[in-house]
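Each value in this text was obtained by applying a stated rule to the coordinates, not by laboratory testing. Keep in mind the model is a prediction, meaning the values are calculated, not measured. Note that each Cβ is placed from the backbone with ideal geometry, even for glycine, and that neighbours are counted across all protein chains shown.
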Amino acid sequence: MPRALLVVLLFLLAVPAVAQEVTPVDPAPEPRTLTTQEDHRLMMKALGIDALRPGANEMDPKAQNDADYDEAKVNPFTLPDPLVCEDGELAWRQHKGGHTTGPNWPVFLEFAGRYVGVKDAAGSDGDGSE
């Protein structure tokens, strides 16, 4: 009986080892060597781009796409001070000992709602409207 059990045990251990055949893996294809122009053409085709718009023409000042470096034509834009509200109050808690290191979240959310479109917990934009 013990020999029969040993034979059955060896048979059960040997069958899975025989059943696992190793199949050869196909080697990876050789990488393609592309020129810059070929790579550019393939990328444009993959992205669905037909043509690129021309850049600035710095050689001809009368050209339609002339480079324009005139700072007087730039739209004026200034960033608001992130720690000062419109009424001049700091967006920090004030108390008789000075300001604390923690932010005043209701005031900050009201400020952020005006410039970034952040909504407070009540769902309003910070200006009292829904």
Q: Could you line up 25, 116 from fewest to most neighbouring Cβ atoms inside 10 Å?
A: 25, 116
Q | Potential lengthening between residue 52 and residue 114 on full extension [0.36 nm per residue; Cα-Cα distance subtracted] | A | 18.5 nm
(Q) Please rank 108, 77, fewest neighbouring Cβ atoms within 10 Å first, as an exposure proxy. (A) 77, 108
Q: Can you tell me the FRET efficiency between residue 41 and residue 69 if r is taken as the Cβ-Cβ distance and R0 is 25 Å, rounded to the nearest 0.05?
A: 0.15
